[in-house]
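*Asks:* Take a look at this one; I'll ask things after.
The values are calculated or read from the model by the stated rules, or taken from the named source; none is laboratory data. The shown structure was predicted, so the numbers you read here are calculated from the model rather than taken from an experiment. Because the Cβ atoms are built from the backbone with ideal geometry, glycine has one as well, and the counts that use them run over all protein chains shown. These accessible areas exclude ligands, DNA and RNA; they are computed on the full protein's heavy atoms, side chains included. Shrake-Rupley method; radii C 1.70, N 1.55, O 1.52, S 1.80 Å.
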Amino acid sequence: MPPDLLIEGYAHPHRIPVQINKIIVDTLEPAWRRNVLAFELLGKAAKGLSDAPIEKLLDRRFASGHIDEQLLRRLGTAAVIEGDPVLSRKKQRVRYWASYFADYETQADIGIEQPSNWLASHPRIRTAIRRIEHWTMRAGLDGIKEKVLVFGTYTAPLRCLRDCLNARSLLRQIGNGLPARRGGLSLELIRYELQQMVEEGVAPSALAHLRMGELDVRLIEAAKSWERLRQNLAATITDDWVCDEMRISDRRADSISTVTEYAREHVIFDALAQGENPATSPEERKSRAKGVLKALIAAQSGYGEDREAEDIQSAESMLDRITALISSERSPEGDAGGHVSHASSTPAVYLGGGVSAVSQRLIQARFNEKNSNPTVLICQSVVGREGLNLHKACRVVLLFHPEWNPAVVEQQIGRVDRIGSRWEKLATAWRENGGEPEEFPRIVVEALCFSGTYDEYQTDQLNRRMAELKAQLFGEFASDIEVSDEVSEILREKGIDFSPRR
């Protein structure tokens, strides 16, 4: 990274300090506020009880969105073993708050009888959507829309976040008169997200006053438009063109057609990701298709853009591997119109433990491409924090479930903080163009937490440990407290200098 863009005395001067987006409990709807407080009180009541393991964890699980319908149904009847009279009152309190959730009728007003809507309405997911769209709906200094890398722990809320983001993207396409395809998204979720967008004041004007039956008609019309566009692409992105681009002489109909259809699908979705109509010039279509083929080749065989002549002889076996990869990436839900869907074609993609290594490389390659899907990569923490370079088109990280360990968080941020990163290119362009100091680009890290709860305690502990880590490794002091410039300068002068001797 250019040394003259750094601020001396700080461990990570090119990053904005972690911004905590607090979910203020007092501002939530009454039903959610009652549930947050009830789970907090249940968790606190259960602390110290060795025979109530589920109840002790529920406050953290609930704040993370990791509560399922079955657990809520049996929570009120969870047995707490009778025993020590000293703890009898504590056990009574546990039983009382557990019985609150046993009354299943009290949960109806937040849609808990419909698990998909309940989770989609979770305050953590709603806050994450707002923060993600704050970035993905705006362009960087280079005019290219920002991408966001999300890290979390629990699978169900991460998948729900993905589906909500994709439903909102679909609604924007329909509202703007663009082709669209529903994929595996449920009509129930699409309708719910339209309602949320209307309440937030961000729904496309063409959809703001639709009845639900009219929305269904719009979805069908958009799908037909999508299919007509796909057929029109057949004149530009042909089997012969794909063979020439990939230097393949063995033109087996089934295998080549699979790759060609995949390229056409992604050309459409990549254009839609930028809010553009894919009915552009043949040259633009082919340019996008080349990026798709490049990602397939990189994911399956490790080749870059240039391939030596002696490598061409392996192209036939590479074709078999690529078609196998495309097949493995197909969405099991399919599409209401009978079409095949692929994970990497959607605006938001979830990367979890069930994704194969080659599919991970393909998603990585697609995420590193500018002007392409996915624009949001949602990673399960253990899967995504190591071994993936996700820095070429992304500089924004959202910690959906902040970790306890600052070393893990550094690994997560390190996915976008690398040599040749998007941030470095933006910073270089800023310097060359004589940008204003307040416009200097930085790597952005945001986190979520419920204020006034155990969730906030965990986040505070993480920040304290990160400050200690920076002090021990880099000699950075008072990074997490407000001090005057004079005091800050004294601390830097008195601190340990770990710079190499000159």
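*Asks:* Kindly give the semi-axes, whole Å and largest first, of the ellipsoid equivalent to the range 367-471, taking each as the square root of 5 times a Cα gyration tensor eigenvalue.
*Replies:* They are 27, 18, 13 Å, listed largest first.
*Asks:* Let me ask another. Carbon and sulfur: what percent of the range 250-294's accessible surface (1.4 Å probe)?
*Replies:* 45
*Asks:* Quick one: if the Förster radius is 30 Å, what FRET efficiency do Glu227 and Glu29 give, using the C-beta to C-beta distance and rounding to 0.05?
*Replies:* According to the calculation, E is roughly 0.15.
*Asks:* Where does the range 118-197 land on the Kirkwood hydrodynamic radius, alpha-carbon pairs, in angstrom?
*Replies:* 13.6
*Asks:* Highest mean first, how do 369-380, 150-161 rank when packing is the count of other Cβ atoms within 10 Å averaged over residues?
*Replies:* Packing order, densest peptide first, comes out as 369-380, 150-161.
*Asks:* Hull surface divided by four, with the convex hull built on the Cα atoms of the range 11-51: how many nm²?
*Replies:* If I average the Cα hull's projected area over directions, I get 5.7 nm².
*Asks:* With the crude spin-label approximation of a point 7 Å out along Cα→Cβ, what separation in nm comes out for Asp216 versus Arg93?
*Replies:* Label at Asp216, label at Arg93, 5.1 nm between them.
*Asks:* At 7 Å along Cα-to-Cβ for each site, give me the label-to-label distance between Asn21 and Leu57 in nm.
*Replies:* Result: 2.7 nm between the two label points.
*Asks:* Among 416-423, 168-175, 454-461, what's the highest-first ranking by average C-beta atoms within 10 angstrom per residue?
*Replies:* Ranking, from highest mean packing down: 168-175, 416-423, 454-461.
*Asks:* Here is a follow-up. Need one number: nm distance between label points at Ala235 and Lys290, each 7 Å from Cα along Cα→Cβ, rounded to one decimal.
*Replies:* 2.2
*Asks:* While we're on this one: List the pair-distance distribution P(r) of the range 157-295, using every Cα-Cα distance, as the percent of pairs falling in each 5 Å bin from 0 up to the bin containing the longest distance, rounded to whole percents.
*Replies:* Distribution as computed: 2, 10, 19, 18, 16, 13, 10, 7, 4, 2, 0, 0 percent.
*Asks:* Give the peptides 229-239, 290-300 in descending order of average Cβ contacts within 10 Å, highest first.
*Replies:* Highest-to-lowest ranking by the protection proxy: 290-300, 229-239.
*Asks:* Suppose all protein chains stay in the model; what accessible area per residue would a 1.4 Å probe give for the range 164-271, in Å²?
*Replies:* For the range 164-271, the solvent-accessible area averages 43 Å² per residue.
*Asks:* For Lys145, list the lysines whose Cα falls under 29 Å from its own Cα; do not include residues on the same chain fewer than 8 positions away.
*Replies:* Hits, sequence-local ones excluded: Lys22, Lys224, Lys286, Lys290, Lys294, Lys370, Lys392, Lys425.
*Asks:* Could you work out what % of the accessible surface of the range 136-241 is carbon and sulfur, using a 1.4 angstrom probe and leaving DNA, RNA and ligands out of the count?
*Replies:* Roughly 49 percent of what the probe reaches on the range 136-241 is carbon or sulfur.
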